[in-house]
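The values are calculated or read from the model by the stated rules, or taken from the named source; none is laboratory data. Everything numeric in this text was worked out from a predicted model, so none of it was measured. Note that we place each Cβ from the backbone using ideal geometry, even for glycine, and neighbour counts take in every protein chain shown. To get the accessible areas, we keep the full protein, side chains included, count just its heavy atoms, and leave off ligands, DNA and RNA. Shrake-Rupley method; radii C 1.70, N 1.55, O 1.52, S 1.80 Å.
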Amino acid sequence: MSFWPLFPKSDYVKNLELHAHLNGSLSRSTLKALGCLDNTIGTYQTVETNLDDVFSLFQVAHKATRTIDNLLYATRKVIEEFADDNVIYLELRTTPRSEEGMSTEEYIETVVKAVRSVGSGKILVKLLLSLDRRRSMEKQEEVLDLIIGYKDKYPDLIKGVDLSGDPSKGAFFKQVFEKARKHGLYTAIHCAEVKNDEEVKDIIEFKPDRLGHGTFIHPQYGGSLNIWEVYKQKEIPVECCLTSNVICKTSKSYKQHHVQEWIKESLPFCLSTDDKGVFNTSLSKEFQVVQENFNLTQEELWKISKNSVEYSFASPEEKQFLIFELEQWRNKNIPNR
Ligand SMILES: [Zn+2]
(Lines give C-alpha, C1' and ligand atoms only; values in the text may rest on other atoms or scores of the structure.)
Protein backbone atom coordinates (compact mmCIF):
# COMPACT_ATOMS: atom_id res chain seq x y z
CA MET A 1 0.00 0.00 0.00
CA SER A 2 1.26 3.43 -0.86
CA PHE A 3 1.35 5.77 2.10
CA TRP A 4 1.32 9.52 2.00
CA PRO A 5 3.75 10.99 2.51
CA LEU A 6 6.62 8.84 1.31
CA PHE A 7 9.02 11.38 2.76
CA PRO A 8 10.59 11.70 6.19
CA LYS A 9 8.47 13.91 8.47
CA SER A 10 10.64 16.97 7.89
CA ASP A 11 9.79 16.75 4.19
CA TYR A 12 6.00 16.39 4.49
CA VAL A 13 4.22 18.52 1.95
CA LYS A 14 3.76 22.02 3.26
CA ASN A 15 0.10 22.57 3.99
CA LEU A 16 -2.47 25.26 4.59
CA GLU A 17 -5.14 24.74 7.22
CA LEU A 18 -8.27 26.81 6.58
CA HIS A 19 -10.83 25.17 8.89
CA ALA A 20 -9.66 24.65 12.46
CA HIS A 21 -11.61 25.50 15.62
CA LEU A 22 -9.39 26.60 18.47
CA ASN A 23 -11.01 24.63 21.31
CA GLY A 24 -11.55 21.44 19.31
CA SER A 25 -7.91 21.59 18.20
CA LEU A 26 -6.51 21.25 21.74
CA SER A 27 -4.47 18.06 21.82
CA ARG A 28 -4.67 15.48 24.55
CA SER A 29 -1.22 16.51 25.79
CA THR A 30 -2.35 20.14 26.11
CA LEU A 31 -5.50 19.11 27.96
CA LYS A 32 -3.38 16.96 30.27
CA ALA A 33 -0.90 19.79 30.84
CA LEU A 34 -3.81 22.00 31.84
CA GLY A 35 -4.99 19.31 34.25
CA CYS A 36 -8.24 18.84 32.37
CA LEU A 37 -7.99 15.30 31.06
CA ASP A 38 -7.91 12.06 32.97
CA ASN A 39 -7.62 8.63 31.40
CA THR A 40 -11.31 7.88 31.24
CA ILE A 41 -12.00 9.57 27.91
CA GLY A 42 -10.36 10.24 24.60
CA THR A 43 -8.23 7.14 24.49
CA TYR A 44 -9.48 5.95 21.12
CA GLN A 45 -7.07 5.80 18.21
CA THR A 46 -9.27 5.18 15.18
CA VAL A 47 -12.45 6.42 13.57
CA GLU A 48 -14.22 3.49 15.26
CA THR A 49 -14.78 5.77 18.21
CA ASN A 50 -17.86 6.43 20.19
CA LEU A 51 -19.64 9.73 19.95
CA ASP A 52 -19.86 10.07 23.74
CA ASP A 53 -16.07 10.40 23.78
CA VAL A 54 -16.30 13.14 21.17
CA PHE A 55 -18.88 15.12 23.12
CA SER A 56 -16.95 14.68 26.37
CA LEU A 57 -13.79 15.98 24.72
CA PHE A 58 -15.55 19.06 23.38
CA GLN A 59 -16.75 19.83 26.88
CA VAL A 60 -13.33 19.24 28.40
CA ALA A 61 -11.65 21.48 25.81
CA HIS A 62 -14.21 24.21 26.42
CA LYS A 63 -13.58 24.10 30.16
CA ALA A 64 -9.81 24.11 29.59
CA THR A 65 -9.88 27.62 28.13
CA ARG A 66 -11.93 29.32 30.83
CA THR A 67 -9.08 31.47 32.15
CA ILE A 68 -6.82 33.95 30.40
CA ASP A 69 -3.64 32.02 31.27
CA ASN A 70 -5.02 28.69 30.04
CA LEU A 71 -6.40 30.26 26.86
CA LEU A 72 -3.03 31.85 26.12
CA TYR A 73 -1.17 28.58 26.69
CA ALA A 74 -3.67 26.49 24.74
CA THR A 75 -3.72 28.81 21.72
CA ARG A 76 0.08 28.83 21.53
CA LYS A 77 0.21 25.04 21.73
CA VAL A 78 -2.36 24.64 18.96
CA ILE A 79 -0.34 26.91 16.66
CA GLU A 80 2.94 25.15 17.50
CA GLU A 81 1.41 21.76 16.83
CA PHE A 82 0.13 22.85 13.42
CA ALA A 83 3.59 24.26 12.63
CA ASP A 84 5.16 20.93 13.67
CA ASP A 85 2.83 19.23 11.17
CA ASN A 86 4.34 21.43 8.41
CA VAL A 87 1.38 23.80 8.23
CA ILE A 88 2.78 27.06 6.89
CA TYR A 89 -0.49 28.99 6.95
CA LEU A 90 -3.24 28.59 9.53
CA GLU A 91 -6.66 30.17 9.80
CA LEU A 92 -7.81 29.54 13.33
CA ARG A 93 -11.43 30.17 14.24
CA THR A 94 -13.04 30.66 17.61
CA THR A 95 -16.30 31.93 19.09
CA PRO A 96 -15.67 34.95 21.33
CA ARG A 97 -17.12 34.27 24.77
CA SER A 98 -17.02 35.52 28.32
CA GLU A 99 -16.30 33.51 31.46
CA GLU A 100 -16.19 34.38 35.11
CA GLY A 101 -13.02 36.48 35.32
CA MET A 102 -12.68 36.94 31.54
CA SER A 103 -14.72 39.32 29.37
CA THR A 104 -15.44 38.68 25.67
CA GLU A 105 -12.99 41.47 24.84
CA GLU A 106 -10.31 39.82 26.99
CA TYR A 107 -10.99 36.51 25.27
CA ILE A 108 -10.31 38.03 21.84
CA GLU A 109 -7.28 40.03 23.05
CA THR A 110 -5.79 36.88 24.62
CA VAL A 111 -6.10 34.88 21.40
CA VAL A 112 -4.55 37.80 19.47
CA LYS A 113 -1.71 37.98 22.01
CA ALA A 114 -1.06 34.24 21.68
CA VAL A 115 -0.89 34.46 17.88
CA ARG A 116 1.48 37.44 18.06
CA SER A 117 3.72 35.71 20.60
CA VAL A 118 4.29 32.52 18.62
CA GLY A 119 5.81 34.28 15.59
CA SER A 120 8.21 31.45 14.79
CA GLY A 121 8.55 32.54 11.17
CA LYS A 122 7.52 28.97 10.33
CA ILE A 123 3.80 29.63 10.25
CA LEU A 124 1.55 32.51 9.29
CA VAL A 125 -1.63 32.70 11.38
CA LYS A 126 -4.92 34.51 10.77
CA LEU A 127 -8.07 34.55 12.87
CA LEU A 128 -11.70 34.07 11.98
CA LEU A 129 -14.19 34.90 14.70
CA SER A 130 -17.32 32.78 14.84
CA LEU A 131 -20.97 33.53 15.32
CA ASP A 132 -22.95 30.84 17.09
CA ARG A 133 -25.91 29.85 14.92
CA ARG A 134 -27.99 29.01 18.00
CA ARG A 135 -28.06 32.70 18.93
CA SER A 136 -30.83 35.07 17.81
CA MET A 137 -30.26 37.45 14.92
CA GLU A 138 -29.94 40.38 17.33
CA LYS A 139 -27.32 38.55 19.40
CA GLN A 140 -25.37 37.46 16.30
CA GLU A 141 -25.36 41.07 15.11
CA GLU A 142 -24.17 42.27 18.50
CA VAL A 143 -21.20 39.87 18.37
CA LEU A 144 -20.56 40.88 14.75
CA ASP A 145 -20.32 44.56 15.78
CA LEU A 146 -17.65 43.59 18.28
CA ILE A 147 -15.80 41.59 15.61
CA ILE A 148 -15.93 44.54 13.19
CA GLY A 149 -14.29 46.70 15.88
CA TYR A 150 -11.49 44.15 16.34
CA LYS A 151 -11.04 43.76 12.60
CA ASP A 152 -10.40 47.50 12.42
CA LYS A 153 -7.95 47.21 15.32
CA TYR A 154 -6.06 44.17 13.96
CA PRO A 155 -6.70 44.25 10.18
CA ASP A 156 -3.73 42.04 9.28
CA LEU A 157 -4.83 39.34 11.71
CA ILE A 158 -8.62 39.22 12.01
CA LYS A 159 -9.75 38.37 8.50
CA GLY A 160 -13.21 36.94 8.61
CA VAL A 161 -16.32 35.71 10.27
CA ASP A 162 -17.58 32.14 10.52
CA LEU A 163 -21.01 30.68 11.30
CA SER A 164 -20.84 27.52 13.38
CA GLY A 165 -22.42 25.63 16.27
CA ASP A 166 -24.96 22.81 16.42
CA PRO A 167 -26.12 22.45 12.77
CA SER A 168 -29.47 21.06 13.84
CA LYS A 169 -30.31 24.23 15.75
CA GLY A 170 -30.48 27.96 15.03
CA ALA A 171 -30.25 29.70 11.67
CA PHE A 172 -28.25 31.55 9.03
CA PHE A 173 -29.24 35.23 8.87
CA LYS A 174 -28.29 36.70 5.53
CA GLN A 175 -28.49 40.31 6.78
CA VAL A 176 -25.81 39.62 9.39
CA PHE A 177 -23.37 38.27 6.81
CA GLU A 178 -24.17 41.05 4.35
CA LYS A 179 -23.15 43.48 7.05
CA ALA A 180 -19.93 41.52 7.70
CA ARG A 181 -19.11 41.63 4.00
CA LYS A 182 -19.87 45.34 3.81
CA HIS A 183 -17.29 45.89 6.55
CA GLY A 184 -14.58 44.03 4.67
CA LEU A 185 -14.73 40.74 6.53
CA TYR A 186 -14.38 37.49 4.60
CA THR A 187 -17.16 34.97 5.23
CA ALA A 188 -16.76 31.23 5.86
CA ILE A 189 -20.00 29.49 6.65
CA HIS A 190 -20.63 25.96 7.91
CA CYS A 191 -23.09 24.68 5.33
CA ALA A 192 -24.97 21.42 4.70
CA GLU A 193 -23.47 19.59 7.69
CA VAL A 194 -26.94 18.11 8.03
CA LYS A 195 -29.76 17.99 5.51
CA ASN A 196 -31.48 21.37 5.36
CA ASP A 197 -32.16 22.12 1.68
CA GLU A 198 -33.76 25.50 2.13
CA GLU A 199 -30.99 26.93 4.29
CA VAL A 200 -28.27 25.34 2.16
CA LYS A 201 -29.70 27.06 -0.91
CA ASP A 202 -29.89 30.42 0.90
CA ILE A 203 -26.26 30.14 1.98
CA ILE A 204 -25.01 29.10 -1.47
CA GLU A 205 -26.95 31.93 -3.11
CA PHE A 206 -25.37 34.39 -0.68
CA LYS A 207 -22.03 33.08 -2.02
CA PRO A 208 -19.76 33.19 1.01
CA ASP A 209 -16.02 33.12 0.36
CA ARG A 210 -15.89 29.51 1.58
CA LEU A 211 -18.25 26.79 2.79
CA GLY A 212 -17.50 24.47 5.71
CA HIS A 213 -18.17 20.74 5.03
CA GLY A 214 -20.71 20.94 2.19
CA THR A 215 -21.85 17.40 2.95
CA PHE A 216 -25.55 17.41 1.97
CA ILE A 217 -25.20 19.26 -1.35
CA HIS A 218 -24.58 16.59 -3.99
CA PRO A 219 -27.67 14.41 -4.70
CA GLN A 220 -25.77 11.18 -3.98
CA TYR A 221 -24.85 12.41 -0.51
CA GLY A 222 -28.27 13.55 0.66
CA GLY A 223 -28.44 16.86 -1.18
CA SER A 224 -30.47 17.43 -4.34
CA LEU A 225 -29.86 17.91 -8.04
CA ASN A 226 -31.22 21.45 -7.85
CA ILE A 227 -28.86 22.49 -5.02
CA TRP A 228 -25.93 20.82 -6.77
CA GLU A 229 -26.65 22.79 -9.95
CA VAL A 230 -26.88 26.05 -7.99
CA TYR A 231 -23.62 25.18 -6.23
CA LYS A 232 -21.84 24.44 -9.51
CA GLN A 233 -22.77 27.87 -10.84
CA LYS A 234 -21.27 29.53 -7.76
CA GLU A 235 -18.17 27.28 -7.38
CA ILE A 236 -17.54 28.22 -3.75
CA PRO A 237 -14.47 26.52 -2.24
CA VAL A 238 -15.50 23.84 0.26
CA GLU A 239 -13.46 23.03 3.37
CA CYS A 240 -13.58 19.20 3.45
CA CYS A 241 -13.00 17.61 6.86
CA LEU A 242 -13.05 13.86 6.21
CA THR A 243 -12.23 12.41 9.63
CA SER A 244 -14.64 14.78 11.35
CA ASN A 245 -17.46 13.76 8.98
CA VAL A 246 -16.76 10.03 9.33
CA ILE A 247 -16.57 10.18 13.14
CA CYS A 248 -19.75 12.26 13.33
CA LYS A 249 -21.33 9.79 10.91
CA THR A 250 -22.49 12.40 8.40
CA SER A 251 -20.27 10.53 5.90
CA LYS A 252 -20.56 6.73 5.85
CA SER A 253 -16.83 6.15 5.38
CA TYR A 254 -13.72 7.77 3.93
CA LYS A 255 -14.36 5.93 0.66
CA GLN A 256 -17.91 7.29 0.52
CA HIS A 257 -16.96 10.89 1.27
CA HIS A 258 -18.37 13.63 -0.96
CA VAL A 259 -14.91 15.10 -1.61
CA GLN A 260 -14.64 12.65 -4.52
CA GLU A 261 -17.29 14.62 -6.46
CA TRP A 262 -15.19 17.76 -6.07
CA ILE A 263 -12.10 15.85 -7.24
CA LYS A 264 -13.97 14.34 -10.23
CA GLU A 265 -15.42 17.64 -11.40
CA SER A 266 -12.37 19.79 -10.56
CA LEU A 267 -14.43 21.92 -8.19
CA PRO A 268 -12.68 24.04 -5.55
CA PHE A 269 -11.94 22.43 -2.18
CA CYS A 270 -9.32 22.23 0.51
CA LEU A 271 -8.59 19.60 3.17
CA SER A 272 -9.02 20.50 6.82
CA THR A 273 -8.98 18.99 10.29
CA ASP A 274 -11.99 20.82 11.84
CA ASP A 275 -11.13 19.74 15.42
CA LYS A 276 -7.82 17.91 15.35
CA GLY A 277 -7.76 17.29 19.11
CA VAL A 278 -11.27 15.94 19.44
CA PHE A 279 -11.01 13.80 16.29
CA ASN A 280 -7.43 12.76 16.95
CA THR A 281 -6.23 13.76 13.50
CA SER A 282 -3.70 16.05 11.81
CA LEU A 283 -3.60 17.76 8.45
CA SER A 284 -0.95 15.28 7.18
CA LYS A 285 -3.29 12.48 8.17
CA GLU A 286 -6.15 14.05 6.22
CA PHE A 287 -3.92 14.18 3.12
CA GLN A 288 -2.88 10.59 3.71
CA VAL A 289 -6.52 9.51 3.93
CA VAL A 290 -7.35 11.23 0.62
CA GLN A 291 -4.35 9.69 -1.07
CA GLU A 292 -5.19 6.18 0.12
CA ASN A 293 -8.89 6.33 -0.69
CA PHE A 294 -8.89 8.23 -3.96
CA ASN A 295 -5.49 7.26 -5.42
CA LEU A 296 -4.09 10.74 -5.94
CA THR A 297 -0.52 11.30 -7.04
CA GLN A 298 1.98 13.39 -5.09
CA GLU A 299 1.53 16.13 -7.66
CA GLU A 300 -2.26 16.09 -7.26
CA LEU A 301 -1.94 16.29 -3.49
CA TRP A 302 0.49 19.16 -3.85
CA LYS A 303 -2.02 20.97 -6.05
CA ILE A 304 -4.63 20.75 -3.29
CA SER A 305 -2.23 22.71 -1.07
CA LYS A 306 -1.44 25.15 -3.85
CA ASN A 307 -5.13 25.80 -4.61
CA SER A 308 -5.71 26.44 -0.91
CA VAL A 309 -3.52 29.53 -1.20
CA GLU A 310 -6.03 31.01 -3.59
CA TYR A 311 -8.96 30.20 -1.26
CA SER A 312 -7.20 31.60 1.81
CA PHE A 313 -7.79 35.04 3.29
CA ALA A 314 -4.10 35.99 3.11
CA SER A 315 -3.06 39.26 1.46
CA PRO A 316 -1.77 39.19 -2.16
CA GLU A 317 1.84 39.55 -0.92
CA GLU A 318 1.38 36.74 1.58
CA LYS A 319 -0.15 34.54 -1.13
CA GLN A 320 2.85 35.16 -3.34
CA PHE A 321 5.15 34.13 -0.50
CA LEU A 322 3.13 30.97 0.19
CA ILE A 323 3.20 29.96 -3.48
CA PHE A 324 6.96 30.48 -3.51
CA GLU A 325 7.34 28.23 -0.43
CA LEU A 326 5.19 25.51 -1.98
CA GLU A 327 6.99 25.62 -5.31
CA GLN A 328 10.35 25.33 -3.60
CA TRP A 329 9.07 22.29 -1.75
CA ARG A 330 7.81 20.74 -5.00
CA ASN A 331 11.07 21.31 -6.84
CA LYS A 332 12.92 19.52 -4.07
CA ASN A 333 10.49 16.68 -3.43
CA ILE A 334 8.64 15.91 -6.67
CA PRO A 335 11.33 16.34 -9.30
CA ASN A 336 9.95 13.94 -11.90
CA ARG A 337 6.43 15.14 -12.42
ZN1 LIG B 1 -16.13 23.24 11.79
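What the table below lists for this structure:
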{"quantity": "Per-q log10 I(q)/I(0), region 148-298, q = 0.13 Å⁻¹ (Debye; single scatterer per alpha-carbon; no solvent)", "calculated": "-0.61"}
{"quantity": "Two-decimal Rg/Rh across region 126-172, once Rg and the Kirkwood Rh are taken from alpha-carbon atoms", "calculated": "1.02"}
{"quantity": "Contact order normalised by residue count of region 154-210, Cα under 8 Å, 6+ apart, percent", "calculated": "39"}
{"quantity": "Within the chain, percent of DSSP bridges classed antiparallel, to nearest 5", "calculated": "5"}
{"quantity": "Structure-based [θ]222 nm, the chain - -39500 (n - 2.57) summed over DSSP H runs of at least 4, per residue, nearest 500", "calculated": "-14000 deg cm²/dmol"}
{"quantity": "Across 113/151; 159/285; 126/195, pairs whose alpha-carbon gap is larger than 20 Å", "calculated": "159/285; 126/195"}
{"quantity": "Sorted peptide list for 85-93, 51-59, criterion being average Cβ within 10 angstrom, highest first", "calculated": "85-93, 51-59"}
{"quantity": "Solution diffusion estimate, µm²/s, Stokes-Einstein, the chain, Kirkwood Rh from C-alpha pairs, 10 °C, viscosity 1.306 mPa s", "calculated": "79"}
{"quantity": "C-alpha center-to-center spacing [region 84-104, region 107-158] in angstrom", "calculated": "8"}
{"quantity": "Shape of region 184-246, Cα gyration tensor, a/c cut at 1.5", "calculated": "oblate"}
{"quantity": "Mean Cα-pair separation over length for region 13-328, i.e. relative contact order, pairs under 8 Å, 6 or more apart, %", "calculated": "19"}
{"quantity": "Whole-percent carbon and sulfur share, accessible surface of the chain, 1.4 Å", "calculated": "49"}
{"quantity": "Estimated inter-spin distance, residue 319 and residue 197, nm [label 7 Å along Cα→Cβ]", "calculated": "3.6"}
{"quantity": "Aspartates and glutamates whose Cα lies under 16 Å from that of residue 232, excluding same-chain neighbours fewer than 8 positions away", "calculated": "197, 202, 205, 209, 261, 265"}
{"quantity": "Solvent-accessible area per residue for the chain (1.4 angstrom probe, square angstrom)", "calculated": "43"}
